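So the structure is just underneath, and the comments pick up after that.
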Amino acid sequence: MNREMLRNITEDELQTFRRDGVVHLRKIIDLEWIQQLNQAIDELIAQTEKPANQVLDFTTLALASDSASSQQPPEPLEWASPRQLAGRVSLDTRVRPKSNRGHFISVTSVWQLHSTIRELAIDSPLPRIAAQLTGSSKLYLYDDQLLVKPPGTMERTSWHQDQGYDHIAGDKVCAIRVPAGSETRDMGLIEYLRGSHRSGKIYKVNYFISDATAPDDAGEPIPSIEGHENEFDIVTFAPEPGDVVVHHLRTLHGAGGNSSESKTRRAITFRYAGDDVRYYFRNFAPPAQRPSNLHDGDLLDLEPTRHPVARITQQANPGSPHR
């Protein structure tokens, strides 16, 4: 397995990431990684027993919200419960399922479930890409998320910002999205609001398929982008296998449903934290897989089993000096 980048990141690409908060890096990782990724996804989906706290079917949640009422008496709510989403699920009206509706699936902390994903996360070209773009000499894996949008998936990915979902503070942060196949516009490409990371704002946390937020979330209101896209500086990419798209964790982004009749959109995104990052508890972030023992200001080193250090040094060729 080729653990190094197929090419160097150019100065223009580096400046694009800093300016826009997102960059499309073409033909930068070996296709063998994509083959292994697809096999791992197939194996994960085929598992009959999946950890309930890591797997979420957004479509089932959306359908349950159809019959839920936000007017029911107050009671303790789980994050993104059907009642919280009642009447607020964002559906793509361009998607017209011909038979069964596609189910939008999310799996988090996949690196803990499959050895190939762990290898891709911490011992592949990806950490080197993240380290170079963020200017970090040390890099941690914060977490990951696998998203699968089959044909006929109606749920939109609402405009959101990743950093509000994460219990970290710092500027040297990024997410690397690795598509498992070619992506086309009808599959619901990811859209990014260029330069939105530069404000430093942390936005309210929504429920991913809805613009609904907790009423007492102290974050900034998310701009009303959906339906007004032509008023914003939005960029979209159609990545191919071997490409990655990297965005700053503060960059706003969203996506449509999947109107394709035959193509499933599936990709995994790894979130990385660099030198200046410290733990910072966010009250309205989704519940973590496990309670953390970290306190505000702690280094992620203190929880290595949850946030492993990724390899960012290039391996030397046998018999040759380090490059």
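Values quoted throughout were computed directly from the atomic coordinates according to the rules given, and no laboratory measurement underlies them. Treat the numbers as computed from the prediction; the structure is a model and nothing was measured. Using ideal geometry, Cβ is built from the backbone for each residue, glycine included, and neighbour counts are taken over all protein chains shown.
Quick notes on this one:
- Surface/4 estimate of mean projected area, convex hull on alpha-carbon atoms of region 31-72, nm²: 4.6
- Taking the chain as a Gaussian network of alpha-carbon nodes connected by springs under 10 Å, the highest mean-square fluctuation of the residues A62, A180, A46 belongs to A46.
- As a length-normalised measure over Cα pairs under 8 Å and 6 or more apart, the relative contact order of the chain settles at 27 percent.
- GNM result for the chain, Cα springs below 10 Å: residue of P97, P125, P291 fluctuating most strongly: P291
- For region 42-163, a crude dipole built from +1 on the beta carbon of Lys and Arg and -1 on the beta carbon of Asp and Glu, taken about the Cα centre, is about 480 debye to the nearest 20.
- Derived scalar couplings ³J(HN,Hα) [region 26-42; Karplus, 6.51 cos²θ - 1.76 cosθ + 1.60; whole Hz; x for Gly, Pro]: 8, 6, 10, 10, 5, 5, 4, 5, 5, 4, 5, 4, 4, 5, 5, 4, 4
- Summarising the label geometry, the points placed 7 Å from Cα in the beta-carbon direction at Q47 and S99 lie 2.8 nm from one another.
- Over the chain, DSSP H runs of length four or greater, each weighted -39,500 (n - 2.57), average out per residue to a 222 nm ellipticity of -5000 deg cm²/dmol.
- For region 98-143 and region 154-217, distance of Cα centres in Å: 15
- Straight-line reach from K149: taking Cα to Cα under 23 Å and skipping same-chain neighbours fewer than 8 places apart, the lysines in range are K50, K98, K263.
- Computed Rg/Rh of region 1-150, alpha carbon atoms with Kirkwood Rh: 1.05
- Signed unit charges on C-beta, dipole axis of the chain, positive-most listed residue L133, L85, H228: L133
- Descending principal axes extents, the chain, alpha-carbon based, whole Å: 69, 45, 45
- Selection from I176, G274, Y165, by position along the positive dipole direction of region 144-288 (Cβ): G274
- Sequence-distant lysines (8 or more away, or on other chains) whose Cα lies within less than 20 Å of K27: none
- Each 10 Å bin from zero up to the one holding the largest Cα-Cα distance in region 126-254 carries the following percent of pairs: 11, 41, 38, 10, 0.
- Counting Lys and Arg as +1 and Asp and Glu as -1 over every other residue whose Cβ lies under 15 Å from the Cβ of S136, the net charge comes to +3.
- Remark: region 149-308 carries a charge dipole of roughly 300 debye about the Cα centre, counting +1 on each Lys and Arg Cβ and -1 on each Asp and Glu Cβ.
- Electrostatic dipole magnitude of the chain [Cβ: Lys, Arg +1; Asp, Glu -1; Cα centre; debye, to 20]: 380
- Cβ-Cβ FRET estimate between T10 and R198, R0 fixed at 22 Å, reported to 0.05: 0.55
- Highest-MSF residue in the chain out of L85, L25, L302 [GNM, Cα springs under 10 Å]: L302
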